[in-house]
1. Out of the residues in the range 59-114 that are in contact (Cβ under 8 Å) with a residue 60 or more places away in the chain and of a type in the set (Ser, Thr, Tyr), which is farthest from Gln133 (Cα to Cα)?
2. Could you identify the single residue in Ala264, Ala205, Ala215, Ala248 that is aliphatic (A, V, I, L, M), surrounded by fewer than 19 Cβ atoms within 10 Å (Cβ to Cβ) and under 20 Å from Asp70 (Cα atoms)?
3. When you look at Gly221, is it in a strand (DSSP E or B) and among the small types (Gly, Ala, Ser), yes or no?
4. Looking at the range 191-198, is at least one residue assigned to a loop (DSSP other than H, G, I, E, B), closer than 26 Å to Val148 by Cα, at pLDDT 95 or above and of a type outside the set (Phe, Trp, Tyr)?
5. Mind listing just one residue for me: the one in the range 103-143 that is part of a loop (DSSP other than H, G, I, E, B) and among the acidic types (Asp, Glu) and, of those, farthest from the ligand (Cβ to nearest atom)?
6. Whether any residue in the range 165-177 is touching a residue at least 12 places away in the same chain (Cβ under 8 Å), in the same structural domain as His125 (by TED's automatic domain parsing) and away from the ligand (no atom under 16 Å from the Cβ) is what I want to check.
7. In this structure, is Ala293 assigned by TED's automatic domain parsing to the domain that holds Ser161, surrounded by 14 or more Cβ atoms within 10 Å (Cβ to Cβ) and not in a strand (DSSP E or B)?
8. Quick one: Arg192 ticks every box in (1) over 19 Å from Gly31 (Cβ atoms); (2) within 16 Å of the ligand (Cβ to nearest atom) except a single one, so which number is it?
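The values are calculated or read from the model by the stated rules, or taken from the named source; none is laboratory data. Remember, predicted model here, so these are calculated numbers, not experimental data. Glycine gets a Cβ as well: all are built from the backbone with ideal geometry, and neighbour counts include every protein chain shown.
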Amino acid sequence: MQANRAQAIPQNPPPAEADPILGILRVLREGERFLVCSHSRPDGDAVGSMLAMGMLLRQMGKRADLVTADRIPAVYRTLPQADAIRTAMRVHGPYDAAILLECDGLERTRLLGLEPFFAINMDHHLSGTPWGQVNWIDRNASSAGEMVYRLVQAAGGTVTSEMATCIYTTVLTDTGGFCYGSTRASTFQLARELVEAGADPIRIAQDVYFSTPAAKLLLLGAALGNLHREGRLAWLWVTDEDMQRTGAAEEDCEGIVNYALSIAGVEAAVFLRELPEGRMRVSLRSKGQVNVAAIAGSLDGGGHENAAGCTLDGPLASAVDAILNVMRKCLAAPNGSRR
Ligand SMILES: [Mn+2]
């Protein structure tokens, strides 16, 4: 049995530095071997930010293991070095630190075995909290990938074209193609810098938005058959039977909620996906003032102001009732239901 030098959290954790970026860089410079993780059911930001972080670490002469609990979606498997991401249920050390990207706790990874490691928490979600040994939470960042980019700059690293491709993908997908509330002038500045560093915006858009598996469109057809609208609210769902019949994968549910949100006059949308064990996974989206992060938070979920999620008990009909009740109350609130 190999001695695990990183089994214990240090007795005296380093003092919280005024600039969390410096605190993170110090840990990266002092260590040799790192684990890089993100949340389960990884999206474009999770995948792209992990890959870019791995590239930064290797550029610094460090070892980096990239691990997710779920397989990465097909559209992101063409990203540079995407095959470096390993899918596992449990991680094994030794590691000098685990870097967790956009996770509001260890559980969000759905990976086992993370507890012993010194944790670096980098998050841009509204639901971010300082749960790690080192914490950098930037709610103004468009994506976790943007935070990795800032880290590369602070480290004096080189933004390679492979890194720029991964980070551009995080910005593109997390802003919904530069549409969501997280899109600022600085987002376009960042996009420009990434394109100048070698990201190809046309190829990336084609890989992300024009490479849909047929099963996903069949699933979308089933979901649209269950589309309902009530004033500023729209909702739709797929049953587990729909998933089986269309041959769709979990990742094919991604983005279906946006079709409900795309209806003129609709300000908040709900998508429910029946899980094989009968619980319902709920995606919430909004445009404008409705804060769906607050709604998801009240139901034990989390996310961004305009994109959030939670899981509810089934059956389908009662989960639909439960989420619609909360949404209706929120939309009826006088000030455009900011909270
Ligand atoms: Mn993100």
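1. Thr78
2. Numbers: Ala264 fails: under 20 Å from Asp70 (Cα atoms); Ala205 fails: under 20 Å from Asp70 (Cα atoms); Ala248 fails: surrounded by fewer than 19 Cβ atoms within 10 Å (Cβ to Cβ).
Of Ala264, Ala205, Ala215, Ala248, the one residue that is aliphatic (A, V, I, L, M), surrounded by fewer than 19 Cβ atoms within 10 Å (Cβ to Cβ) and under 20 Å from Asp70 (Cα atoms) is Ala215.
3. Details: in a strand (DSSP E or B): no; among the small types (Gly, Ala, Ser): yes.
In short, no.
4. Start the filter on the range 191-198 by keeping residues that are assigned to a loop (DSSP other than H, G, I, E, B), which leaves 197-198.
Remaining after also requiring closer than 26 Å to Val148 by Cα: 197-198.
If we keep only those that are at pLDDT 95 or above too, we end up with 197-198.
Subset that is of a type outside the set (Phe, Trp, Tyr): 197-198.
Within the range 191-198, one or more residues are assigned to a loop (DSSP other than H, G, I, E, B), closer than 26 Å to Val148 by Cα, at pLDDT 95 or above and of a type outside the set (Phe, Trp, Tyr).
5. Among those residues, the one meeting the criterion is Glu115.
6. Yes; the residues of the range 165-177 include at least one that is touching a residue at least 12 places away in the same chain (Cβ under 8 Å), in the same structural domain as His125 (by TED's automatic domain parsing) and away from the ligand (no atom under 16 Å from the Cβ).
7. No; evaluated as a whole, the condition is false for this residue.
8. Among (1) over 19 Å from Gly31 (Cβ atoms); (2) within 16 Å of the ligand (Cβ to nearest atom), the lone unmet condition for Arg192 is (2).
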